[in-house]
Amino acid sequence: MRNMEQAKAAMEQWLSYENLEDSLRAELAEQTSEDDIFDRFYMDLEFGTAGLRGIMGAGSNRMNLYTVRRATQGFADYLNEQKGSSVPSVAIAYDTRHHSEDFAREAAKVLSANGIKVWLFTEPTPTPVLSFAVRHHKCSGGIVITASHNPPQYNGYKVYDEHGCQITEEAAEQILKHMKAVPFFAERNTAGTIFSVPESTKAAYLDAVTACRAGIHCKDLRVVYSPLNGTGLPYVREALRRIGISRLRTVEEQADSNGDFPTCPYPNPEKPEALELGLELCRKAHADLLLATDPDSDRLGAAVRDGEDYRILTGNEMGILLLDFLCRKRPLPKDPVAVKTVVSTPLAETVAKKYGVEMRSVLTGFKYIGEQIRGLEMQGGSHRFIFGFEESCGFLGGSYVRDKDGVAAAMLFCEMAAWYKEKSLSLVQALNALYEEHGYYKNEVSEYSFPGASGMEKMTEILADLRKNPPKEIFGARVLRVTDYLKPTGLPPANMLEYNMEDGSRLLIRPSGTEPKLKVYSSQRS
């Protein structure tokens, strides 16, 4: 990290670059606040297993063409170092955020200038389609320009390996090493040929999605759907058409591609405020359920009819319902495996055990679920994977991609709702039946924002203090065991603490990997 004088010097270096974009130069010229200057330049935007994610704008700690160009050159150098005798290839997709298409095209130009074959999507595309395309075209890797569910001022740059899974820590470290050797304002050579991803790839993806269906016809289901101004609409609409849904209403205010996200400035389908317009339409249309995907369509949120109104389900509740439904209605392979993240509800382990399914727990981040599928594949058994989920509304019901898939999750959720509707049961009643059978679990997630450079320092201080002075009691219950995930646990090291209490409750705390927040996960069984 730089001090204030170094941050100012970095800003002057940017202003002295003669080819700096006019809009970024004007943005920097307006900066008079030392706090703002420091936040823009106190560090380079961090590159990790999730790639880059940050606020768009001028500065080394911002998402802009220069940070994208530098990261892509580092990725190109990494791929060319690894290539052997073959020519590397990369698939690139982007979402509906401001500058996403510009960043994607810039990344394509940098890669092709380095002799790497590029498959570029020519319209906003869901992240799971990118994961599929990497494997479908036998690429060496992939890039998707997205900030997922972050507010509109953010954008991001996620990198995938040849298996369509987000890169490992080791690969991220190697790419970062190459990236650090690249000057911010290195001039790019002339780009080579860039290939457009053909329509047949999208059709093949949708075929793979519908091959995972449970076989329930949904003609009597009334559904309201919102893509939250993101990429999901054509894909979700087609997937639902294929399972017989003809009564589909779209939230028109959230249907068009719009990086401002004007009706939901925090376009996260976990959040009630993002679903308000959808719930209004549900009430008018007397729909059975509301579905919503985030801007890159890898997460799915849902609200379901509950008496005369609707109840928003949590990611944990959706995951448990889908796990139980898939175990009931799809033929299970020999030695079936499901995977959840450690912060997701422990109820999943009980439900899986009922059906003879091995439940594996991994660190937060769907890449770790993808790695489990890859491990099964290497053993000749990717078919053993039946379902993976994380509490933050990420779900996957097949091994055709290696990331969460909001399109497929929407399809499976509709099949599940239709199956219970045939039995005159709501999904709330189905969930209560699972609680009555296995015990009631209350799970909550609390978020605490720490923006800017000082916020990062504060989060670091909080976690350091918790390690130095572990609490002996939480919510009136004695702490029996503390697990520090930076120490050996059988999982990769992670900056997370877990507390198990005498009354059977559990609490985990970790910094978000995508936003300047501390996240606290609590779970209690009764």
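The figures follow:
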| quantity | calculated |
| --- | --- |
| All lysines inside 18 Å of residue 109 as judged from Cα atoms, apart from same-chain residues fewer than 8 positions distant | 117, 158 |
| Rounded percent of accessible protein surface that carbon and sulfur make up, segment 391-497, 1.4 Å probe | 53 |
| Extension gain (nm, one decimal) between residue 181 and residue 433, 0.36 nm per residue minus Cα-Cα | 85.0 nm |
| Charged-residue dipole, Cβ positions (Lys, Arg, Asp, Glu), the chain about Cα centre, Debye nearest 20 | 1800 |
| Calculated FRET efficiency for the pair residue 520/residue 30, C-beta based, R₀ 41 Å, to 0.05 | 0.65 |
| Shape call, segment 56-201: gyration tensor on alpha carbons, a/c limit 1.5 | rounded |
| Tensor-based shape of segment 426-526 (alpha-carbon gyration tensor, a/c under 1.5 rounded, otherwise prolate or oblate) | prolate |
| Peptides 272-281, 130-139 ordered by average Cβ neighbours within 10 Å, highest first | 130-139, 272-281 |
| By average C-beta atoms within 10 angstrom, highest first, the peptides 483-490, 146-153 | 146-153, 483-490 |
| Amide hydrogen neighbours beyond the local backbone of residue 51, cut-off 5 Å, H modeled | 159 |
| Full-stretch length increase - residue 464, residue 195 - with 0.36 nm per residue and alpha-carbon distance subtracted | 92.0 nm |
| Packing-based order for 462-472, 288-298, 63-73, using average beta carbon neighbours within 10 Å, highest first | 288-298, 63-73, 462-472 |
| Protein accessible area in segment 234-342, 1.4 Å probe - carbon and sulfur % | 45 |
| Shape call, segment 87-146: gyration tensor on alpha carbons, a/c limit 1.5 | oblate |
| Table column - 3J(HN,Hα) (Hz), segment 382-398, Karplus curve with 6.51, -1.76, 1.60, x for Gly and Pro | 5, 5, 5, 6, 10, 6, x, 7, 10, 4, 8, 6, x, 9, 8, x, x |
| Distance between modelled label sites at residue 361 and residue 5, nm, 7 Å Cα→Cβ extension | 5.0 |
| For segment 147-203 and segment 287-323, distance of Cα centres in Å | 31 |
| Alpha-carbon centroid distance for the pair segment 362-436 / segment 1-36, whole angstrom | 46 |
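The values are calculated or read from the model by the stated rules, or taken from the named source; none is laboratory data. Please read these numbers as outputs of a predicted model, since none were measured by experiment. Neighbour counts are summed over all protein chains in view; Cβ atoms, including those assigned to glycine, are modelled from backbone coordinates with ideal geometry. Surface accessibility is based on the protein's heavy atoms, side chains included, excluding ligands, DNA and RNA. Shrake-Rupley method; radii C 1.70, N 1.55, O 1.52, S 1.80 Å.
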